[in-house]
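A.B. asks: First the structure, then my questions, so here it is.
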């Protein structure tokens, strides 16, 4: 039995009117969101991994990006597209999803986009998200061990700097 265009439109209209499509969309959207979140965790861990100190994921730095994604549609679009691009690059280059690669291979993939110009979407993504991760990570006192500080330098500045900066030799 051949279906006419009219019959196809009627069937689609009937499906939409029953709410069937709306009932399955959240599942798909939820799965997509979960995958993006998994990629965000792997990416954040690549930028500041756990070593003898806690990593960026341990201190929740990825949540700063996730929060901005929830409030800024443009940022969300760029981050999603960029994380998908990282994942695709990992699959092509190493035959595995980005989040399944070891640290060294993830660093190679991130290194590729780190060298992109900031005018390029992936270059912008790297610079913007790296800044977000660093700000969130170093705002936490747990990240300061080994840095020789016990509080952020602002709003008081550096207490041992008694005079304004001047070039050496003046």
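Bear in mind that the values in this text are calculations on the coordinates, not laboratory data. As the structure is a computational prediction, the values presented were derived from the model and not from experiment. Neighbour counts run over all protein chains shown; Cβ positions are idealised from the backbone, glycine included.
A.B. asks: Suppose we keep just the alpha-carbon trace of the stretch 29-142; what are its Rg and Dmax in angstrom?
C.D. replies: 13.3, 39
A.B. asks: Residues of the stretch 129-143 with the amide nitrogen closer than 13 Å to a label point 7 Å from the Cα of residue 50, along Cα-to-Cβ, please.
C.D. replies: From the stretch 129-143, the list is empty.
A.B. asks: What's the ranking of 123-130, 68-75 by average number of surrounding C-beta atoms within 10 Å, highest first?
C.D. replies: Numbers: 123-130: 18.8, 68-75: 12.1.
Highest to lowest by the protection proxy: 123-130, 68-75.
A.B. asks: Taking R0 as 25 Å, what's the FRET efficiency between residue 114 and residue 76 from their Cβ-Cβ distance, rounded to 0.05?
C.D. replies: Details: r = 21 Å, r/R0 = 0.86.
Taking R0 as 25 Å, the efficiency between residue 114 and residue 76 is 0.70.
A.B. asks: Cα extents of the stretch 87-126 along the three principal axes, largest first, in whole Å?
C.D. replies: 29, 16, 13
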